[in-house]
Amino acid sequence: MLGLILLFGITILFVTGLLSYAAYNPDLARINDETPDKGLLGFYLFSWPTSPYWLYRLTQGVHVTLGIVLIPVLLAKLWSVIPKLFEWPPARSLSHGLERLSLLLLVGGAGFEFVTGILNIQLHYIFPGSFYVLHYYGAWVFMGAFVVHVTFRLRRALRAVRPRGTSPVPQETLGLVSPNPAAPTISRRGALGLVGLGSAALLVVTVGQSVGGWFRKTAVLAPHGQEPGSGPNGFQINKTAASVGIRASDIGPAWRLSVRNGSRQAILTQQQLLALPQFESALPIQCVEGWSTTDQLWSGVRLIDLAALVGLGTNPPKVLIESAQRGGAFSSAVLRDNQVRDGRSLLALQVNGATLSQDHGYPARIMVPGAPGVHNTKWVTRLSFGEQA
Ligand SMILES: Nc1nc2c(c(=O)[nH]1)N[C@H]1C(S)=C(S)[C@@H](COP(=O)(O)O)O[C@H]1N2
Ligand SMILES: [Mo]
């Protein structure tokens with residue numbers, strides 16, 4: 001039963017994980033996806049849409065929440081097969097040896113994916129190299145072993161959950177019977193109940209970070225989960241200006257926005273940007289870590305209007321966004337043409353009627369419907385349309 005829950009759950013994790021990969025627009029530029037040697041694994045890429053505007057809140061909310069909820073199931077599954085770990089001799093035949101080797105990838109891969117995922121959403125960036133690359137390759141290794149495992153075990157799992165009396169699997173063949181069993185300390189129903197309660201408890205203290213509204217208060221495990229402050233700028237801050245080395249002089253009166261299209265260039269002050277037609281978009285920040293803000297009312301200049309400033313008509317190309325931040329993973333990004341052309345995509349100057357706070361990206365930041373938070377670049381200094389990054 002635990003295996004069947006994981007079969008469905010992990011398949012959803014894998015699909016939403018691939019969707020998250022696509023949402024980064026990895027095919028556009030190296031800065032969007034630094035995965036080395038991805039080769040054939042880029043085959044499923046498609047253009048990430050801008051509608052519905054809460055798309056990434058949904059897909060990534062499911063990915064992170066479900067991953068957390070499955071932890072008790074995974075632990076119980078591993079616990080239930082512990083006798084197998086001590087099987088002796090370790091390999092009875094070549095095929096038996098190969099099967100056990102695939103289990104190493106299965107168990108190791110599952111542990112690796114869950115541990116790296118949880119560390120990342122709890123903001124412990126302790127990995128050597130990029131979380132993104134590790135979690136991505138880990139997923140493919142794990143899924144390979146998972147498919148092999150399911151292929152060999154699905155029939156047995158289905159037989160095991162059939163109603164009693166219809167030829168149950170003989171226990172000996174499962175290899176899970178202790179030769180010298182102690183008295184049981186928990187019933188089968190009790191064990192499943194414990195796992196179910198554990199998962200339900202994790203769901204209750206997690207899901208509010210994605211759902212928002214009143215539920216946000218219940219997200220006690222989420223580092224960005226609960227409402228951090230009041231006022232128009234009172235919502236989650238991922239990285240503060242100070243934490244990524246933004247200096248006062250970078251975003252002071254000397255700040256300029258440069259908009260480029262090949263050799264054509266426009267340079268604008270904040271006042272000049274405010275003098276252009278202002279548009280409003282109600283959009284959430286939808287982070288890869290699973291949390292989302294409620295919709296905030298952003299206002300600023302449409303990306304399509306900025307493209308027009310440098311001679312691009314109604315169908316502008318992709319754009320390279322650069323910020324005042326010197327290096328670091330999200331200091332720049334490339335947005336796809338469909339994102340630039342959406343009338344809701346803004347270079348936002350204000351939020352909820354107030355000027356952006358420094359930590360929310362003053363003087364200007366990108367907001368795009370449906371896109372992951374990593375593409376909502378803060379402290380923007382340059383837009384280069386059509387540029388190869
Ligand atoms: N320049 C810059 N912009 C950035 C980031 C960053 O590290 N540097 N982080 C991104 C990420 S991962 C998220 S989720 C959002 C969060 O926006 P907020 O801090 O205003 O909530 O900003 C994005 N914009
Ligand atoms: Mo993020």
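The values are calculated or read from the model by the stated rules, or taken from the named source; none is laboratory data. Not measured: the values here are computed from a predicted model. So basically every Cβ, Gly included, is an ideal-geometry build from the backbone, and we count neighbours across all protein chains shown. Side chains included, ligands, DNA and RNA excluded: accessible areas come from the protein's heavy atoms. Shrake-Rupley method; radii C 1.70, N 1.55, O 1.52, S 1.80 Å.
General observations
- So Gln296, is it within 14 Å of Arg216 (Cβ to Cβ) and in contact with a strand residue (DSSP E or B) (Cβ under 8 Å, 6 or more places away or on another chain): yes
- Residue match in the stretch 192-209 (condition: open to solvent by less than 30 Å² (accessible area, probe 1.4 Å), within 16 Å of ligand 2 (Cβ to nearest atom) and either touching a residue at least 40 places away in the same chain (Cβ under 8 Å) or not aromatic (Phe, Trp, Tyr) (or both)): yes
- Taking the stretch 317-382 as the region of interest, the strands (runs of 3 or more DSSP E) fully inside it that hold 1 or more residues being at negative phi and among the hydroxyl-bearing types (Ser, Thr, Tyr) are 319-323, 332-335.
- Count of residues meeting criterion [open to solvent by less than 30 Å² (accessible area, probe 1.4 Å), among the aromatic types (Phe, Trp, Tyr) and more than 9 Å from ligand 1 (Cβ to nearest atom)] in the stretch 277-297: 0
- Looking across the stretch 339-368, the residues that are of a type outside the set (Asp, Glu) and within 16 Å of ligand 2 (Cβ to nearest atom) come down to His360, Gly361, Arg365, Ile366, Met367, Val368.
- Every residue from the stretch 110-129 that is modelled with pLDDT under 90 and either within 14 Å of the chain's Cα centre (by Cα) or loosely packed, with under 13 Cβ neighbours inside 10 Å (or both): Gln122, Leu123, His124, Tyr125, Ile126, Pro128, Gly129
- Restricted to the stretch 210-242, and to residues there that are over 19 Å from Gly117 (Cβ atoms) and polar (S, T, N, Q), the residue that is surrounded by the most Cβ atoms within 10 Å (Cβ to Cβ) is Gln236.
- Counting the residues of the stretch 323-338 that are open to solvent by 10 Å² or more (accessible area, probe 1.4 Å), over 12 Å from Lys378 (Cα atoms) and more than 15 Å from ligand 2 (Cβ to nearest atom) gives 5.
- The condition (being under 28 Å from Pro223 (Cα atoms) and either outside the structural domain of Arg256 (by TED's automatic domain parsing) or at pLDDT 95 or above (or both)) is satisfied by just one residue among Ala307, Ala282: Ala282.
- Among the candidates Val15, Val64, the residue that is of a type outside the set (Gly, Ala, Ser), open to solvent by 50 Å² or more (accessible area, probe 1.4 Å) and closer than 30 Å to Ala201 by Cα is uniquely Val15.
- Those residues of the stretch 218-267 which are within 16 Å of ligand 2 (Cβ to nearest atom) and charged (D, E, K, R), in sequence order: Lys239
- Sole exception among (1) within 11 Å of ligand 1 (Cβ to nearest atom); (2) touching a residue at least 24 places away in the same chain (Cβ under 8 Å) for Arg365, by number: (2)
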